[in-house]
Structure formats: structure tokens, C-alpha cells
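Remarks on the structure that follows.
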Amino acid sequence: DAGITQSPRHKVTETGTPVTLRCHQTENHRYMYWYRQDPGHGLRLIHYSYGVKDTDKGEVSDGYSVSRSKTEDFLLTLESATSSQTSVYFCAISEQGPGNQPQHFGDGTRLSIL
Amino acid sequence: GESVGLHLPTLSVQEGDNSIINCAYSNSASDYFIWYKQESGKGPQFIIDIRSNMDKRQGQRVTVLLNKTVKHLSLQIAATQPGDSAVYFCAENIQAGTALIFGKGTTLSVSS
């Protein structure tokens, strides 16, 4: 299994609170991604990173921000959580870009916003 | 918008049968395709990939077929086992794209 650790694995919080999810990798891969998975929508890209301090938006980036201050960590922040952000969040990594290699996924964070 | 989709949301087979899971894509510029398996409570797990310059690729008990004429991708699993029960996703990358586009998944149920 790829060395990807997501934390926390489960979180319940209230609307309006800030939330930060962490993805930690031990593979020294350049690319890191955050997805959300919802019934009926499949996996959708939120943000991705192609290097330290290099990030870009994905399909569903509104309401989310990311940071990558070192190779191994990619943080996803919900500045003010809303109920529509209740989802399962997956981090993925790849050594090369998405057109060249498969991405490898962590086991997800289940986030509930009440 | 253009997206990757799967023909059937569920597929039920008997242990030992061969399974075929299908996927249709709509973008002729897609040049890289991946199949993933996702078990309950876990992240997607890479199974096999194929590039658009190929029409078939084999792995251990799995084969991916790509038909670019009709924009169709399939995953064949030989001698299906109960441990193969999971949700299977196809994903595509559009040429020079920055992201994978995922289909919604087919749930494979294997009964013994």
C-alpha cells in the first residue's frame, strides 16, 4: 500500500466552524490531490498540488483552501464549514502528473457537518 | 459536460464466473484510462491502466480492453472470487489534462 495517512479518519463538527484535514505521504511524490466522494457524483477533484507551495483549483474548489509547505503534507481547510460539505474526503498522490501514472489513494476522512 | 460513465450500477455473479464491467467515455481526446476497485470504508485501489495507443492490457486475472472507435472501456475479471466484491470505477485523463475524471462506479457482488 502507498504510504498515505489521512487524519482525522472521522470528524463531526458544526456549521460555521473551521476544519482542517491532513494528508501525509512517505513516498516523496510530487503530486498530491484532494477529492470528495458523494453518492451519485463519484470522485470530484477539489484542489491539487504539483510541488511545495504550488497548488491549483479543481472542479469543486469553492469553500475550500489548501496548503503545501513541505513535500509530505497537504492540508485541506474548510474556512467555515457548511452542511453541503458533508462528504468523504480522499487524498491521492502520484509521482508524475495525472496523464502519466495512476494516483494512489488514502483511506479517506468521513466528515459530517451538522 | 463530458464525463466517464458506467453502463450498469450493479453486477451480480457467481464465484468462479468471469465478470465484465463496462465504461463509456465521451471525449475522443482522452488518452489514459485507469480502473480502480473500492472496498467499503477504504480508498480506491489501483487495478490496471491503459493508454490510448493500446487496445488491450492484461494483469493478474484482469484484462482491460479499449475500443476507441465506440469510446468504450471494459474490465474483465477471470474466475471471480468473493474478495472481488467491491465498487469498480473507471477514470480517464483528457490529453494534457490536469485531473482524472471518474465514473460513478459499478458494484460487483460475488456469491459463493
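Farthest toward the dipole's positive end in chain A, which of A:G51, A:V66, A:Q37, given Cβ charges of +1 (Lys, Arg) and -1 (Asp, Glu) about the Cα centre?
A:V66
Over the range B:22-86, what is the mean sequence separation of C-alpha contacts under 8 Å (at least six apart), divided by residue count, expressed as relative contact order in percent?
Once divided by the residue count of the range B:22-86, the mean separation gives 31 percent.
Tell me, what is the Rg over Rh of the range B:14-67, with Rh the Kirkwood radius over Cα pairs?
Checking Rg against Rh, the ratio lands at 0.99.
Rounding to the nearest 20 debye, state how big the charge dipole of the range B:29-85 is about its Cα centre with +1 on each Lys and Arg Cβ and -1 on each Asp and Glu Cβ.
100
Taking +1 at the Cβ of each Lys and Arg and -1 at the Cβ of each Asp and Glu, which of B:A24, B:S12, B:M54 sits farthest along the dipole of the range B:1-89 towards its positive end, judged by Cα position relative to the Cα centre?
After comparing all options, I get B:M54.
Pick out, from B:L66, B:Q95, B:I77, the residue whose Cα sits farthest towards the positive end of the charge dipole of chain B, with +1 on the Cβ of Lys and Arg and -1 on the Cβ of Asp and Glu.
The residue sitting farthest along the positive end of the dipole is B:Q95.
Give the Kirkwood hydrodynamic radius (Å, one decimal) of the protein assembly as shown, defined as one over the mean of 1/r across all pairs of different Cα atoms.
18.0 Å is the Kirkwood radius here.
What is the mean number of Cβ atoms from other protein chains located within 10 Å of the Cβ atom of each residue in peptide A:41-54, rounded to a whole number?
Mean partner-chain Cβ count within 10 Å for A:41-54: 3.
Net charge around B:F89, counting only other residues with Cβ within less than 11 Å of its Cβ (Lys, Arg = +1; Asp, Glu = -1)?
+1
For every other residue with a beta carbon closer than 15 angstrom to the beta carbon of B:G16, add +1 if it is Lys or Arg and -1 if Asp or Glu, then tell me the sum.
The answer is -2.
Could you line up A:T15, B:T80 from fewest to most neighbouring Cβ atoms inside 10 Å?
A:T15, B:T80
Straight-line reach only, C-alpha to C-alpha below 17 angstrom: list the lysines that B:K56 could link to, leaving out same-chain residues fewer than 8 apart.
Cα-Cα hits under 17 Å: B:K68, B:K71.
Pick from B:G59, B:G41, B:G83 the residue whose mean-square fluctuation is largest in a GNM of chain B, springs joining Cα atoms under 10 Å.
Fluctuation is largest for B:G41.
I'd like the Kirkwood hydrodynamic radius of the range A:12-93, using the inverse of the mean 1/r over distinct C-alpha pairs, in Å.
Computed over Cα pairs of the range A:12-93, the Kirkwood hydrodynamic radius comes out at 12.9 Å.
Rule-based calculations on the coordinates, nothing more; no lab input. What you see is a predicted model; the values in this text were computed from it and never measured. Don't worry about glycine lacking a Cβ; one is built from the backbone with ideal geometry, like all the others, and counts go over all protein chains shown.
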